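Worksheet: one structure, shown below.
The values are calculated or read from the model by the stated rules, or taken from the named source; none is laboratory data. What you are looking at is a predicted structure, and each value in this text was computed from that prediction instead of being measured. Heads up, the Cβs are rebuilt from the backbone with ideal geometry, glycines too, and the neighbour counts pull from every protein chain shown. The accessibility values were calculated without ligands, DNA or RNA, using every heavy atom of the protein model including side chains. Shrake-Rupley method; radii C 1.70, N 1.55, O 1.52, S 1.80 Å.
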Amino acid sequence: MKKILTFALALVMLLSLNACVAKKIAEAIVPTAAPTEVPTPEPTEVPTPEPTEEPTPTPEPTPKPLEAADLIGIWSLTSIRYGDSTLSPSDFGMEMYLEFREDGTVHAIQNTYGEYDEDTSTFTIEDGVLKINGEPAITYDAEADTLSFSLDENGTQAEMILIRTPDAVLPTPPPEAAPDDLAAQIVGTWDLSYAIVNNSKIPKDLLGETSMTFVFNEDGSASMSNQTQTIDQGLTWKVESAASIGLYAYNVQKIYEMSYDPDAKVLSLYEESSDVTLAFEKIN
């Protein structure tokens, strides 16, 4: 029994030895794969960006200061900005001119439906600002080469735009008639033809029932009638100037002064309280 156990143990040991030998033989026959060597990448050189040169900003040109010589000449009204609208002076029967003169004066001329008006002021340039009679009333736009000023009519702003018009022909005032000549032209019946309200001409047919008629007699008496009454007692008239007449009550109190335009043959009455001008034309 003991020999059998010894033999079995020897057999186990032999088998174990054989297994080790077989493993070593197998390892000797099949070589162990050598570890793969990963090549180290060459360092990539990142190019240095070229410095960018910032463009030098172009300086804004300095505007040339306004000088008196820039204004010399004739400027005419070309448009009227009224709220969101731009209107033409012809819509109001108006023309207006400013003439800047080398002697430092500015001559203003306005002609509205034959009513001629003119005025002369002085102008100066102070620190590039245009001033009329010492006040900055008119603005000069160098880029547009325009003049502008604002008027406030009954709380509504209107901007007047003028452009340079060197070839403009300035209107001239109507010739003054001698008093006797004017009296001869006034004698007769004058009927309301139109009204001027806020510089707009409104024909008689748009005035509703409004009517007014004057009769000027050769002996100096007068009468006046409207849609409700006629006054023919105590009214007199006389020539006040070469282009105006006065209407009086009993030769004492002046009721109206009326201007006469011999070119348009229109007699005008200005109602200051309502800022309305009534225009009359002779019917006989």
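Observations on the model:
- Any hit, the stretch 143-161, residues being touching a residue at least 24 places away in the same chain (Cβ under 8 Å), in a loop (DSSP other than H, G, I, E, B) and more than 30 Å from Ser259 (Cβ to Cβ): no
- Residue match in the stretch 231-244 (condition: assigned to a strand (DSSP E or B), farther than 17 Å from Leu182 by Cα and among the aromatic types (Phe, Trp, Tyr)): no
- Some residue of the stretch 209-222 being open to solvent by 50 Å² or more (accessible area, probe 1.4 Å), of a type outside the set (A, V, I, L, M) and at pLDDT below 90: yes
- Taken over the stretch 54-92, the residue count meeting the criterion of being in contact with an Asp or Glu (Cβ under 8 Å, 6 or more places away or on another chain) and open to solvent by 100 Å² or more (accessible area, probe 1.4 Å) is 1.
- In a residue-by-residue description of the stretch 60-67, the property of being modelled with pLDDT of 85 or more and either within 21 Å of Glu159 (Cβ to Cβ) or in a loop (DSSP other than H, G, I, E, B) (or both) applies to at least one position.
- The requirement of being open to solvent by less than 80 Å² (accessible area, probe 1.4 Å) and touching a Leu at 6+ places or on another chain (Cβ under 9 Å) is satisfied by Glu95.
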